[in-house]
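Chemist: Supplied in structure tokens, the structure appears directly below.
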Amino acid sequence: MFSIEKHKFGAFVAALRKEKGLTQKELAQKLYVSDKAVSKWETGASIPDTALLIPLAELLGVTVTEMLQCQRNPEGEPLDAAEVESVVKTVVSCAGAEKPRRAWRKKSPWHTIYFISVLAGAVLLFLCGQLGCLGAVEWTFAGLGVAYGGYFAWIAPLQLPGMYDEHKISFFCDGPLRIHMPGLYFNNQNWTYICKAAVLWSCIMLTAAPMIAFVLHLWLPESWGQAKNMVLLFVYLGSLFTSIYMAGKKQQ
């Protein structure tokens, strides 16, 4: 298994960046890291976190293999099997060192609170549905409440990769989940509070959303259906991002 030569890697990244006509700051903005981080890569002081290898390679127009080998491979020429295995082992060994522990491994009262909220929300949604005051918007956000609450209560990593503490990153990515919060920097100091805030939002929305829909159904005439949807959209999304922002900013 080969090791990544930091200075060679940095020179390769710098050359590719210049070919694309990007400054260090522009590349950093596209990756949601600081320009100091890009500078450290290019001077050989450090290498990117493994989570950034794929987006970095895509932005610079090369494959991850070429990125790790610090050279472009001749077009159409396949790599030797032993060479491919060496590259794969390098990536796996680097990534394995930071494999996150997930929320289900830690006993938390939020697991129980979440399930109770899901059951209570299901009952309220059923009752409101019988009264004819639920539409596509209400069902959509009920699904979002279940999904967000389930993720942050059971699946979210207990700790963020080290790059979040080293750099100011306002973007979080885990599988299909994407969160971009301009002005809020995710790190291990505020991550626990952000997760709790997201679960709390989900639990409140799962029970409050049907009741909000019922009240609006009584107060607003049917011709105001679009206005009702806009109110619900503002309440749901606004309260979600506000709760995450406040929790994260307080501990940032």
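Chemist: Only one of these conditions is not met by residue 229: (1) over 30 Å from residue 101 (Cβ atoms); (2) within 14 Å of the chain's Cα centre (by Cα). Which number is it?
Modeler: (2)
Chemist: Another question about this same structure. Out of all the residues in the range 207-215, is one or more touching a residue at least 12 places away in the same chain (Cβ under 8 Å), small (Gly, Ala, Ser) and farther than 30 Å from residue 33 by Cα?
Modeler: Taking the range 207-215 first, the residues touching a residue at least 12 places away in the same chain (Cβ under 8 Å) are 207, 209-214.
Narrowing further to those that are small (Gly, Ala, Ser): 209, 213.
Filter again for farther than 30 Å from residue 33 by Cα, leaving 209, 213.
Within the range 207-215, one or more residues are touching a residue at least 12 places away in the same chain (Cβ under 8 Å), small (Gly, Ala, Ser) and farther than 30 Å from residue 33 by Cα.
Chemist: On to the next question. Assess whether residue 145 counts as being buried (at least 16 other Cβ atoms within 10 Å of the Cβ), farther than 18 Å from residue 234 by Cβ, touching a helix residue (DSSP H, G or I) at 6+ places or on another chain (Cβ under 7 Å) and not acidic (Asp, Glu). I'd like the intermediate steps shown before the answer.
Modeler: Values: buried (at least 16 other Cβ atoms within 10 Å of the Cβ): yes; farther than 18 Å from residue 234 by Cβ: no; touching a helix residue (DSSP H, G or I) at 6+ places or on another chain (Cβ under 7 Å): yes; not acidic (Asp, Glu): yes.
No; evaluated as a whole, the condition is false for this residue.
Chemist: Could you check the range 6-23 and list, in sequence order, the residues that are open to solvent by 90 Å² or more (accessible area, probe 1.4 Å) and not in a helix (DSSP H, G or I)?
Modeler: 20
Chemist: Does residue 215 satisfy the criteria of being surrounded by 16 or more Cβ atoms within 10 Å (Cβ to Cβ) and either hydrophobic (A, V, I, L, M, F, W, C) or at pLDDT 75 or above (or both)? If you could, list the steps in order and put the result at the bottom.
Modeler: Numbers: surrounded by 16 or more Cβ atoms within 10 Å (Cβ to Cβ): no; either hydrophobic (A, V, I, L, M, F, W, C) or at pLDDT 75 or above (or both): yes.
So residue 215 does not fit the description; no.
Chemist: So, in the range 24-57, of the ones that are open to solvent by 50 Å² or more (accessible area, probe 1.4 Å) and aliphatic (A, V, I, L, M), which residue ends up farthest from residue 165 (Cα to Cα)? First the steps, then the outcome.
Modeler: In the first step, residues of the range 24-57 are kept if they are open to solvent by 50 Å² or more (accessible area, probe 1.4 Å); the result is 24-26, 29-30, 32, 35-36, 40, 43, 45, 47, 51, 54.
Then drop every residue that is not aliphatic (A, V, I, L, M), which leaves 45, 47, 51, 54.
Working: 45: 17, 47: 15, 51: 15, 54: 20 Å.
This residue is 54.
Chemist: Count, please, the residues in the range 161-178 that happen to be in contact with a strand residue (DSSP E or B) (Cβ under 9 Å, 6 or more places away or on another chain) and either open to solvent by 10 Å² or more (accessible area, probe 1.4 Å) or free of Cβ contacts under 8 Å to residues at least 12 places away in the same chain (or both). Give the steps one after another, and end with the answer.
Modeler: From the range 161-178, those in contact with a strand residue (DSSP E or B) (Cβ under 9 Å, 6 or more places away or on another chain) are 164, 170-174, 178; that's our starting set.
The next check asks that each one be either open to solvent by 10 Å² or more (accessible area, probe 1.4 Å) or free of Cβ contacts under 8 Å to residues at least 12 places away in the same chain (or both); those that pass are 164, 170-171, 173-174, 178.
Number satisfying all stated conditions: 6.
Residues are listed down the side, and each one gets a yes or a no for (1) at pLDDT 85 or above; (2) surrounded by 13 or more Cβ atoms within 10 Å (Cβ to Cβ); (3) assigned to a helix (DSSP H, G or I):
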| site | (1), (2), (3) |
| --- | --- |
| 59 | yes, yes, yes |
| 68 | no, yes, yes |
| 78 | no, no, no |
| 84 | no, no, yes |
| 114 | yes, yes, yes |
| 124 | no, yes, yes |
| 128 | no, yes, yes |
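Chemist: Another one. Determine, yes or no, whether residue 47 is assigned to a loop (DSSP other than H, G, I, E, B), β-branched (Val, Ile, Thr), within 14 Å of residue 31 (Cβ to Cβ) and at pLDDT 75 or above.
Modeler: Numbers: assigned to a loop (DSSP other than H, G, I, E, B): yes; β-branched (Val, Ile, Thr): yes; within 14 Å of residue 31 (Cβ to Cβ): yes; at pLDDT 75 or above: yes.
Here the answer is yes, as residue 47 does meet what is asked.
Chemist: Where residues in the range 179-196 are touching a helix residue (DSSP H, G or I) at 6+ places or on another chain (Cβ under 6 Å) and open to solvent by 30 Å² or more (accessible area, probe 1.4 Å), which of them is farthest from residue 25 (Cα to Cα)?
Modeler: The selected residue is 193.
One line per residue, one yes/no per condition, for (1) farther than 27 Å from residue 208 by Cβ; (2) at pLDDT 90 or above:
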| site | (1), (2) |
| --- | --- |
| 134 | no, no |
| 137 | no, no |
| 142 | no, no |
| 148 | no, no |
| 151 | no, yes |
| 155 | no, yes |
| 160 | yes, no |
| 180 | no, no |
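Chemist: Take the range 117-153 and flag every residue that is hydroxyl-bearing (Ser, Thr, Tyr) and more than 20 Å from residue 192 (Cα to Cα).
Modeler: Let us first name the residues in the range 117-153 that are hydroxyl-bearing (Ser, Thr, Tyr), namely 117, 140, 148, 151.
Matches in the range 117-153: 117, 140.
The values are calculated or read from the model by the stated rules, or taken from the named source; none is laboratory data. Remember, it's a predicted structure, so these values are computed and weren't measured experimentally. Positions of Cβ are generated from backbone atoms using ideal geometry, with glycine treated the same way; all protein chains shown enter the neighbour counts. All accessible areas refer to the heavy atoms of the entire protein, side chains included, with ligands and DNA or RNA removed. Shrake-Rupley method; radii C 1.70, N 1.55, O 1.52, S 1.80 Å.
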